1. Suppose the filter is at pLDDT below 95 and under 15 Å from the mean Cα position of the chain (by Cα); does residue 232 pass it?
2. Report the residue count in segment 102-111 for those that are away from the ligand (no atom under 16 Å from the Cβ) and touching a strand residue (DSSP E or B) at 6+ places or on another chain (Cβ under 9 Å).
3. Condition (residue is open to solvent by less than 30 Å² (accessible area, probe 1.4 Å), away from the ligand (no atom under 16 Å from the Cβ) and either farther than 18 Å from residue 4 by Cα or of a type in the set (Phe, Trp, Tyr) (or both)) applied to segment 112-124: is it met by at least one residue?
4. Are any residues in segment 148-186 closer than 30 Å to residue 5 by Cβ and assigned to a loop (DSSP other than H, G, I, E, B), and if so, which ones?
5. Quick check on this structure: which one of 44, 37, 75, 48 is among the small types (Gly, Ala, Ser) and on the phi > 0 side of the Ramachandran plot?
6. Give the residues of segment 1-31 that are small (Gly, Ala, Ser) and surrounded by 22 or more Cβ atoms within 10 Å (Cβ to Cβ), sorted by residue number.
7. Report whether or not residue 256 is away from the ligand (no atom under 14 Å from the Cβ), at positive phi and at pLDDT 95 or above.
Amino acid sequence: MKKITILDIQRMKDEGKKITMLTAYDYPLARLFDESGVEILLVGDSLGPVVAGYDNTLPVTVEELIYHTRAVVRGRENALVVADMPFMSYQVSIEDAKRNAGRVIKETGAEAVKLEGGQNMADTIRAITDIDIPVMAHIGLTPQSIHRMGGHRVQGREEKQREKLLADALAVQEAGAFSLVLEGIPTKLGEEITKKLTIPTIGIGAGIHCDGQVLVSHDLLGLFLGPRPSFVKAYCNLKETISGAVGKYLDEVRTGKFPDEEHSYR
Ligand code: KIV
């Protein structure tokens, strides 16, 4: 397989091929996902709740994001790596947004950044794409807006919200975003936005009609310890596998079964 670029992602939409994206935060999982053939690895700020144990994504820093993205880049061969812009790394000013996006790209080797927001972020998206850094936009249930939304709530059910999200989607496309994450919106709205846009949409809790899908990898693997939203499908139960293996190890150490001959030096 060859290295995937944003042009391949656009081509997939144009040819009606589904795009796959997964979050990754470290070297071994990035390597396994890349070898499985996923097109996009997203180093999401979900690393806050998923691997750092924060309550939400808000405390994640640019430094933490850079550290994890560097590990992911070392593990991938073909996938496009997209790095999430942490809360307050792009909202204060366009200067700040360009500087932080540039830092992330320069210091990690990722090929694109992702940021949350629609019409309110159009100028920022335009400024970042103008310095040749591809931007993936993100609208709907945007976790960095948790306090405005009053929790992680489905967005776009009411007509006014629906119209706003349609306008947001068109605004980020017009501003130059190369793709758009749609999170936590009704299936019908996901379909409507996907049909209206020429850039690809990647859905998470946004129904079957999006051009691609993304899941938080720890959810897919059954490894996330928090509550699981209903749109998440766990494809295996690593929590159980890990607890079982660790329990067996503790038992074998305590009963003197490990290390045995085979696992000792002569
Ligand atoms: O941070 C993240 O993992 C994300 C995805 C859920 C889209 O933004």
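The values are calculated or read from the model by the stated rules, or taken from the named source; none is laboratory data. Only a predicted model underlies this, so the values are computations on that prediction, with no experimental measurement involved. Every residue, glycine as well, gets a Cβ built from its backbone with ideal geometry; the counts of neighbours run over all protein chains shown. Each accessible area value is taken on the protein alone, full model and side chains, heavy atoms only, with ligands, DNA and RNA left out. Shrake-Rupley method; radii C 1.70, N 1.55, O 1.52, S 1.80 Å.
1. Considered against the rule, which asks whether it is at pLDDT below 95 and under 15 Å from the mean Cα position of the chain (by Cα), residue 232 comes out as yes.
2. Pass one, segment 102-111, residues away from the ligand (no atom under 16 Å from the Cβ): 102-103, 105-107, 109, 111.
Still in the list and also touching a strand residue (DSSP E or B) at 6+ places or on another chain (Cβ under 9 Å): 105, 109, 111.
Count: 3.
3. Initially, segment 112-124 is screened for residues open to solvent by less than 30 Å² (accessible area, probe 1.4 Å), giving 112-118, 121-122, 124.
The next check asks that each one be away from the ligand (no atom under 16 Å from the Cβ); those that pass are 122, 124.
Narrowing the set further to residues that are either farther than 18 Å from residue 4 by Cα or of a type in the set (Phe, Trp, Tyr) (or both) leaves 122, 124.
Yes, that holds for at least one residue.
4. 175, 176, 177, 178, 184, 185, listed by residue number.
5. Of the residues listed, the single one that is among the small types (Gly, Ala, Ser) and on the phi > 0 side of the Ramachandran plot is 37.
6. First, pick out the residues of segment 1-31 that are small (Gly, Ala, Ser): 16, 24, 30.
Residues satisfying the conditions are 24, 30.
7. Numbers: away from the ligand (no atom under 14 Å from the Cβ): yes; at positive phi: yes; at pLDDT 95 or above: yes.
So residue 256 passes the test.
Residue by residue, here is whether (1) within 14 Å of the ligand (Cβ to nearest atom); (2) within 26 Å of residue 104 (Cβ to Cβ); (3) open to solvent by 80 Å² or more (accessible area, probe 1.4 Å) holds:
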{"position": "134", "(1), (2), (3)": "no, yes, no"}
{"position": "138", "(1), (2), (3)": "yes, yes, no"}
{"position": "158", "(1), (2), (3)": "no, no, yes"}
{"position": "162", "(1), (2), (3)": "no, no, no"}
{"position": "165", "(1), (2), (3)": "no, no, no"}
{"position": "173", "(1), (2), (3)": "no, yes, no"}
